[in-house]
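Bear in mind these aren't lab numbers, they're just calculated from the coordinates by the rules spelled out. Since the model is a prediction, treat every value here as computed from it, not as a measurement. No Cβ is skipped: glycine too gets one built from the backbone with ideal geometry, and neighbour counts run over all protein chains shown.
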Amino acid sequence: MRVLVVRLNLMIPGCRSLKERRGVLEPLKNNLRRKINLSVSEVKPRDIHDRASLGMAAVVDNTADGDAQLRRIEAIVEREHMVVPLEQEVEYW
């Protein structure tokens, strides 16, 4: 059994307030939780309007299952037209 840990840095173009940013991130986080069944949380920085980082974790049987989860995460984020993925960090524990 392994734990997949992902940090995903995002840009939110045109976002001018923290309230607007929450309005973009909350549906994305809920969608990830619902469709993939993983833990998702917003991590630092929380005070920059047009940037966000999401931390995600899931328990998987092996790294192949983790890689499949990662592809599903990427597909969901890419379908979200309000965000632009910048960088991701992936670890297995």
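Just give me the residues in segment 59-90 being part of a strand (DSSP E or B) and under 14 Å from LEU8 (Cα atoms), in sequence order.
To start, the set of residues in segment 59-90 that are part of a strand (DSSP E or B) comprises 59-60, 84-90.
Answer for segment 59-90, where residues must be part of a strand (DSSP E or B) and under 14 Å from LEU8 (Cα atoms): VAL84, PRO85, LEU86, GLU87, GLN88, GLU89, VAL90.
List the residue pairs whose Cβ atoms are under 9 Å apart, where the first residue sits in segment 66-93 and is at positive phi and touching a residue at least 24 places away in the same chain (Cβ under 8 Å), the second is surrounded by fewer than 14 Cβ atoms within 10 Å (Cβ to Cβ) and outside any strand (DSSP E or B), and the two are 6 or more positions apart or on different chains.
Filtered contacts from segment 66-93: no entries.
Could you list, in sequence order, all residues of segment 48-58 that are free of Cβ contacts under 8 Å to residues at least 24 places away in the same chain and either touching a Ser or Thr at 6+ places or on another chain (Cβ under 8 Å) or part of a helix (DSSP H, G or I) (or both)? Let's see the steps before the verdict.
Restricting attention to segment 48-58, the residues satisfying the condition of being free of Cβ contacts under 8 Å to residues at least 24 places away in the same chain are 48.
Of everything in segment 48-58, nothing turns out to be free of Cβ contacts under 8 Å to residues at least 24 places away in the same chain and either touching a Ser or Thr at 6+ places or on another chain (Cβ under 8 Å) or part of a helix (DSSP H, G or I) (or both).
Scan segment 1-25 for residues that are charged (D, E, K, R), over 27 Å from TRP93 (Cα atoms) and not in a loop (DSSP other than H, G, I, E, B) and jot them down.
Of everything in segment 1-25, those that are charged (D, E, K, R), over 27 Å from TRP93 (Cα atoms) and not in a loop (DSSP other than H, G, I, E, B) turn out to be LYS19, GLU20, ARG21, ARG22.
Looking only at segment 26-47, count how many residues are among the charged types (D, E, K, R), part of a helix (DSSP H, G or I) and surrounded by 13 or more Cβ atoms within 10 Å (Cβ to Cβ).
Filtering segment 26-47 down to residues among the charged types (D, E, K, R) leaves 26, 29, 33-35, 42, 44, 46-47.
Going one step further and asking which of them are part of a helix (DSSP H, G or I), we end up with 26, 29, 33-35.
Of the ones still in play, those that are also surrounded by 13 or more Cβ atoms within 10 Å (Cβ to Cβ) are 29, 33.
Result for segment 26-47: 2.
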